[in-house]
1. Any residue that is under 21 Å from Pro111 (Cα atoms) and either touching a helix residue (DSSP H, G or I) at 6+ places or on another chain (Cβ under 7 Å) or not assigned by TED's automatic domain parsing to the domain that holds Ser51 (or both) - is there at least one of those in region 153-161?
2. Among the residues of region 161-216, which ones are farther than 18 Å from Ala139 by Cβ and among the hydroxyl-bearing types (Ser, Thr, Tyr)?
3. As an exercise: evaluate Tyr194 against (1) modelled with pLDDT under 95; (2) hydroxyl-bearing (Ser, Thr, Tyr); (3) part of a loop (DSSP other than H, G, I, E, B) and give the number of the one condition it does not meet.
4. Report every pair of residues separated by at least 6 positions or lying on different chains whose Cβ atoms are under 8 Å apart, first residue within region 145-171 and closer than 23 Å to Glu212 by Cα, second surrounded by fewer than 20 Cβ atoms within 10 Å (Cβ to Cβ) and basic (Lys, Arg).
5. Which ones in region 102-112 are at pLDDT 95 or above and farther than 10 Å from Asp128 by Cα?
6. Please specify each residue of region 1-47 satisfying the condition of being closer than 17 Å to Ile80 by Cα, without any contact (Cβ under 8 Å) to a residue 60 or more places away in the chain and among the aromatic types (Phe, Trp, Tyr).
7. Condition (residue is without any contact (Cβ under 8 Å) to a residue 40 or more places away in the chain, part of a helix (DSSP H, G or I), surrounded by fewer than 16 Cβ atoms within 10 Å (Cβ to Cβ) and out of contact with any helix residue (DSSP H, G or I) (no Cβ under 8 Å at 6 or more places or on another chain)) applied to region 173-180: is it met by at least one residue?
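The values are calculated or read from the model by the stated rules, or taken from the named source; none is laboratory data. Note that the structure is predicted; figures quoted are calculated from it, not measured. Glycine also receives a Cβ, built like all others from the backbone with ideal geometry; neighbour counts cover every protein chain displayed.
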Amino acid sequence: MTPVVLFDLDNTLIDRDGAFRHWAGGFLADRDLDPTELEWVRREDDDGKASRHVFFAALRARFGLSESVEDLVGAYQEAIPTLHHPERHVLAGLRALRAAGWKTAVVTNGPATQESKIRSAGLDTVLDAWCISGLVGVAKPERAIFEEAARRAGATLQGWMVGDTAEIDILGGIGAGLRTIWMARDRPWTAREYEPELMAGDVAEAARLILESDSA
């Protein structure tokens, strides 16, 4: 049966943090707001974990914005995919896995607009499938979304989960019976109850580790 490598999207296959900083800087500049507010905006974003409606309600209150929360969310969701671009090392790592016989897929929490990020980053050309929680009605760390991602890729739920978030990616992957790689992003691992099998600095390294493990 064909095995699969499942990848988280934000801050795993794409530089979500970099794109958000770019967007936030432009958001402040376009409204003639103090650029030193960037760090406050980043804290409110909470590395993408904050609900977009809660996040923009906070921005609206702090800066006295006239736009509605719905309009702010809509403009953000339209703009943010355009800030993601193909990255050679990411595409090369995914191609190497597929050339070695692995199926590859994204499994991500978020709205339907996550698909626009996938396409803007050129990932649609090197992935077998993607599974977005906002479209399938189930989210990480639930096993069902990992199963659905593997099914869409034409694979069995055997292989690896690669992601940057401990609970939803690593613990979720372990719960789905997958081996796991944590994208460390220069952070120490702090959870004591569980841990990833391996750690990687980028997608190319993660792909290399998987291929080396497969040949061992």
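1. Checked region 153-161: at least one residue is under 21 Å from Pro111 (Cα atoms) and either touching a helix residue (DSSP H, G or I) at 6+ places or on another chain (Cβ under 7 Å) or not assigned by TED's automatic domain parsing to the domain that holds Ser51 (or both).
2. Thr190, Tyr194, Ser213, Ser215, listed by residue number.
3. Tallying (1) modelled with pLDDT under 95; (2) hydroxyl-bearing (Ser, Thr, Tyr); (3) part of a loop (DSSP other than H, G, I, E, B), Tyr194 fails exactly one: (1).
4. Going by the 8 Å Cβ cut-off, the qualifying pairs are Gly159/Arg179; Trp160/Arg179; Met161/Arg179; Asp164/Arg185.
5. Val107, Thr108, Asn109 - these are the residues of region 102-112 that are at pLDDT 95 or above and farther than 10 Å from Asp128 by Cα.
6. Phe27
7. So far as region 173-180 goes, no, none of its residues is without any contact (Cβ under 8 Å) to a residue 40 or more places away in the chain, part of a helix (DSSP H, G or I), surrounded by fewer than 16 Cβ atoms within 10 Å (Cβ to Cβ) and out of contact with any helix residue (DSSP H, G or I) (no Cβ under 8 Å at 6 or more places or on another chain).
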